[in-house]
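Have a look at the structure below, then the notes.
The values are calculated or read from the model by the stated rules, or taken from the named source; none is laboratory data. If you're wondering where the values come from, they're calculated on a predicted model, not measured in any experiment. Glycine gets a Cβ as well: all are built from the backbone with ideal geometry, and neighbour counts include every protein chain shown.
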Amino acid sequence: MLLAVKRYFKKDLIPLLADLRLAIVLLLVIAVFSILGTVIEQGQGLDFYQQNYPEEPALFGFLSWKVLLTAGLDHVYRTWWYLSLLILFGSSLTACTFTRQITALRWFSRTWNFYSKPRQFGKMALSTQISKGSIDQLTELLAGKRYKTFHKDGTMLYAHKGLSGRIGPILVHASMLIILLGAMYGAMTGFFAQEMVPSGNTFTVQNVFDAGPWAGPQIPKDWSVKVNRFWIDYSPEGRVEQFYSDLSVLDDQGDEVKRKTVWVNEPLRYRNVTMYQADWSIAGVRVKVNNSPILQFPMAAIDTGDGGKLWGTWVPTKPDMSTGVSLIAKDLQGTMVVYSEKGELLSTVRAGMSVDVNGVTLSVAELIGSTGLQIKSDPGVPIVYLGFGLLMLGVVMSYISHSQVWALQDGDQLYVGGRTNRAQVVFERELVAVLDELSAQSASEPVKDLVVS
């Protein structure tokens, strides 16, 4: 039974996995689903998908939120079928590496032999013979062309250069396997969270939208983050130019261990967790009614129906809260609109100013902003970066020509032959130049035509 299994793996399964056509098909399928994972928003809530991918009308006639969630297209990179594709593709690369690339390298090692008979040179891609040629002079000339030379019995020579051109394809395959391992490790251990935190508050990561099955140790539990301040820079036309968050990382004793101001494309990184500035909101407003202490009221987002942003709150103007006014703001520049209970426009007011409404003086101290942070951890990223670095190195190495030259001294005749795996014309010109110089040094007859077979 065990013998039959081994025979099946060796004769059927491994050749199938090493088939280039299978690798190409798997790579195309992975590319398609990776594109879907980029186009379709990942890790969002149920309401988001119901709103953006309704059943009627379904996108492309079939892609509704039910289909999307059932197929796992809301978390493509962590689905069992996507990981299975990566594993299958990795198995194909591994099989191809061992059955083709490493086998080719072993075949190359067997070519490190010496030819002892003149007729053997006739089978080479390039071959010739030189009267009165010297194998020692040829050795010097080849060394000048950066060839590594080897001798046997003083009459046989083997030389080669560009060995990295043979290793390059193996390095490419290995780097792709490293990239796949990094992607799978990141998918299984990473997480993605979002937090909307008012300025001045401290938070721990709670709102995790997407996480791998082994992400538990990556989610911060022994440290928290304080939003020291949040502010927005506006252009003279009133457009948002940039928004900033001054963040402090606190240990479990409440001591600050790191502090940084973040903005879009400038995140804070701590213990493999990265915090990006992604959004903003208005959390509340601080006001005084006549001579009362400063009161803080939360502000809620108002659905405008056109994608615009408005926030509003209700402020009582009587102690029994029987009457009040509504405050509406659209940004953190401080200007708010005051409406009556009947929806009538009463006035506008800015932070630091006051207005008389309903027989009282309403003073606005400040608007409180909230920072929207995206928090993610992907431990597989360093592995993926290492893989891409090796991939680029392997591709460059693969373009290096691996050239080999053999020579045999038989009396006063010197037989020379060689071959290369690419850049055939360049190699031929190089070998002809070496042989012409050798012929000149030995004052022999001109080199016979180089035979190209």
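Overview of results
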{"quantity": "Failed item in (1) under 37 Å from the mean Cα position of the chain (by Cα); (2) outside the structural domain of Met196 (by TED's automatic domain parsing); (3) touching a residue at least 60 places away in the same chain (Cβ under 8 Å), with Ala301 passing the rest", "calculated": "(3)"}
{"quantity": "Among the residues listed as Val29, Val39, the single one being of a type outside the set (Asp, Glu) and surrounded by 13 or more Cβ atoms within 10 Å (Cβ to Cβ)", "calculated": "Val29"}
{"quantity": "Strands (runs of 3 or more DSSP E) within the range 157-251 that include 3 or more residues surrounded by fewer than 17 Cβ atoms within 10 Å (Cβ to Cβ), within 21 Å of the chain's Cα centre (by Cα) and not assigned by TED's automatic domain parsing to the domain that holds Asp331", "calculated": "none"}
{"quantity": "Any hit, the range 368-375, residues being over 30 Å from Thr189 (Cα atoms), in contact (Cβ under 8 Å) with a residue 24 or more places away in the chain and out of contact with any Cys (no Cβ under 9 Å at 6 or more places or on another chain)", "calculated": "yes"}
{"quantity": "Among the residues listed as Val396, Val425, the single one being assigned to a helix (DSSP H, G or I), of a type in the set (Val, Ile, Thr) and within 30 Å of Gln137 (Cβ to Cβ)", "calculated": "Val425"}
{"quantity": "Residue, surrounded by the most Cβ atoms within 10 Å (Cβ to Cβ), within the range 106-122, restricted to residues that are in a helix (DSSP H, G or I) and at pLDDT 80 or above", "calculated": "Phe121"}
{"quantity": "Test: Ala301 is touching a Ser or Thr at 6+ places or on another chain (Cβ under 9 Å), surrounded by fewer than 17 Cβ atoms within 10 Å (Cβ to Cβ) and modelled with pLDDT of 85 or more", "calculated": "yes"}
{"quantity": "Residue within the range 204-215 that is farther than 27 Å from Leu250 by Cβ, of a type in the set (Phe, Trp, Tyr) and in contact (Cβ under 8 Å) with a residue 40 or more places away in the chain present", "calculated": "no"}
{"quantity": "From Gln374, Gln409, Gln413, Gln424, residue being within 30 Å of Ala301 (Cβ to Cβ) and either at pLDDT 90 or above or in the same structural domain as His151 (by TED's automatic domain parsing) (or both)", "calculated": "Gln374"}
{"quantity": "Qualifying strands (runs of 3 or more DSSP E) (wholly inside the range 314-378; at least 1 residues being in contact with an Asp or Glu (Cβ under 8 Å, 6 or more places away or on another chain) and buried (at least 18 other Cβ atoms within 10 Å of the Cβ))", "calculated": "324-329, 360-377"}
{"quantity": "Residue count for the range 228-250, restricted to those that are modelled with pLDDT under 90 and either among the aliphatic types (A, V, I, L, M) or under 25 Å from Gln218 (Cβ atoms) (or both)", "calculated": "2"}
{"quantity": "Pairs where the first residue, in the range 31-56, is acidic (Asp, Glu) and the second is part of a loop (DSSP other than H, G, I, E, B), C-beta under 7 Å, 6+ apart", "calculated": "Glu55/Ser64"}
{"quantity": "Criterion: within 20 Å of Ser292 (Cβ to Cβ), out of contact with any His (no Cβ under 6 Å at 6 or more places or on another chain) and modelled with pLDDT of 85 or more - qualifying residue of Gly312, Gly324", "calculated": "Gly324"}
{"quantity": "Only listed residue being of a type outside the set (Gly, Ala, Ser), under 51 Å from the mean Cα position of the chain (by Cα) and farther than 18 Å from Trp231 by Cα, chosen from Leu327, Leu310, Leu346", "calculated": "Leu327"}
{"quantity": "One residue from Ser403, Ser398, Ser340 being touching a Pro at 6+ places or on another chain (Cβ under 8 Å) and more than 28 Å from Asn201 (Cα to Cα)", "calculated": "Ser398"}
